[in-house]
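S.K.: Supplied in structure tokens, the structure appears directly below.
The values are calculated or read from the model by the stated rules, or taken from the named source; none is laboratory data. Here the structure is a predicted model, which means the values were calculated and not measured. Neighbour counts are summed over all protein chains in view; Cβ atoms, including those assigned to glycine, are modelled from backbone coordinates with ideal geometry.
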Amino acid sequence: MSKKKHARPPQLSPSQRRSADAMSAGELAVQRAQIEEEQAHRRRQQGFELLREGARLLAQNRPDEAASHLERAAALLPEDPDVAINLGGAYVLQRRYNKAVAVLERASLLAPDNAMVWTNLAAAYLGSLQLSGPQQQSKAIAAYEAALQANPATPHVHYNLGLIHHDRREHALAEHWFRRALEADPNDHDARRWLARLAAEADDAQPSPATGRDELPDAAARG
């Protein structure tokens, strides 16, 4: 009669064989740290997935759907500047400017060298150029200048500064920034058109030249 074979018990690791009660305080701390690290990794992965989807929706000009994804991404990745840039951009497109400012001002403190944070913050400060007041415009100008300090080649910033200064009737500054826009991009036809318009406006503002002695001021005519 053959002997009955007994099944071997499953092989367990030392940590599996020991209950939590039997582990030292140091071992428990290490285990908790490992669990927390795994949970943080899963949160980051989920946050990045939400960011990618939100950015895709934003590129398709679907800011309402994008904002929903990006708000959840911001809860998981509260210090990620890319999340703030996209969420702030979605709020700007929704015309929720105060919410955009809140998100982007915080991002500007966390990532002061990120030009896109400053560019979107400028747009949030400004809102609609036609409806903006002097204080909004001043904040937008400062944010755009901070973007250029972070990256002098930041797209569209020179042109946007030109628009703001023209709206403020600061024509010399407007001309300066439109010229800078052309230096940055010689194919910027809009900046070229604005320079032509400024030149025409300057010509219109000049007094008409005298055409005869009787049109000179009395003092000059008597000379």
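S.K.: Pull out all pairs, ordered by first then second residue, where Cβ-Cβ is under 6 Å, the residues are six or more apart or on different chains, the first lies in the range 122-143 and is polar (S, T, N, Q), and the second is assigned to a helix (DSSP H, G or I) and modelled with pLDDT of 95 or more.
M.R.: From residues that are polar (S, T, N, Q), the pairs are Ser132/Leu126; Gln136/Tyr125; Gln136/Leu126; Gln137/Ile164.
S.K.: Can you name every residue in the range 124-158 that is of a type outside the set (Ser, Thr, Tyr), within 20 Å of Lys99 (Cα to Cα) and assigned to a loop (DSSP other than H, G, I, E, B)?
M.R.: If the condition is that a residue be of a type outside the set (Ser, Thr, Tyr), within 20 Å of Lys99 (Cα to Cα) and assigned to a loop (DSSP other than H, G, I, E, B), then Gly127, Gly133 are the ones that fit.
S.K.: Which one of Leu58, Leu51, Leu70 is part of a helix (DSSP H, G or I) and either surrounded by fewer than 20 Cβ atoms within 10 Å (Cβ to Cβ) or without any contact (Cβ under 8 Å) to a residue 24 or more places away in the chain (or both)?
M.R.: Values: Leu58 fails: either surrounded by fewer than 20 Cβ atoms within 10 Å (Cβ to Cβ) or without any contact (Cβ under 8 Å) to a residue 24 or more places away in the chain (or both); Leu51 fails: either surrounded by fewer than 20 Cβ atoms within 10 Å (Cβ to Cβ) or without any contact (Cβ under 8 Å) to a residue 24 or more places away in the chain (or both).
The unique qualifying residue is Leu70.
S.K.: So which pairs qualify, if the first residue must be in the range 97-114 and under 12 Å from Glu79 (Cβ atoms) and in contact (Cβ under 8 Å) with a residue 12 or more places away in the chain, the second must be β-branched (Val, Ile, Thr) and buried (at least 18 other Cβ atoms within 10 Å of the Cβ), the Cβ gap must be under 6 Å, and the two must be at least 6 apart or on different chains?
M.R.: Taking only residues 6 or more apart or on different chains, the pairs are Ala107/Val117; Ala111/Val117.
S.K.: Out of (1) within 28 Å of Asn151 (Cα to Cα); (2) surrounded by 19 or more Cβ atoms within 10 Å (Cβ to Cβ), the odd one out for Asn98 is which?
M.R.: The single condition Asn98 does not satisfy is (2).
S.K.: Still on this structure, please answer the following. Would you mind stating whether Glu183 is surrounded by 18 or more Cβ atoms within 10 Å (Cβ to Cβ) and more than 24 Å from Gly127 (Cβ to Cβ)?
M.R.: For Glu183, the condition - surrounded by 18 or more Cβ atoms within 10 Å (Cβ to Cβ) and more than 24 Å from Gly127 (Cβ to Cβ) - is not met.
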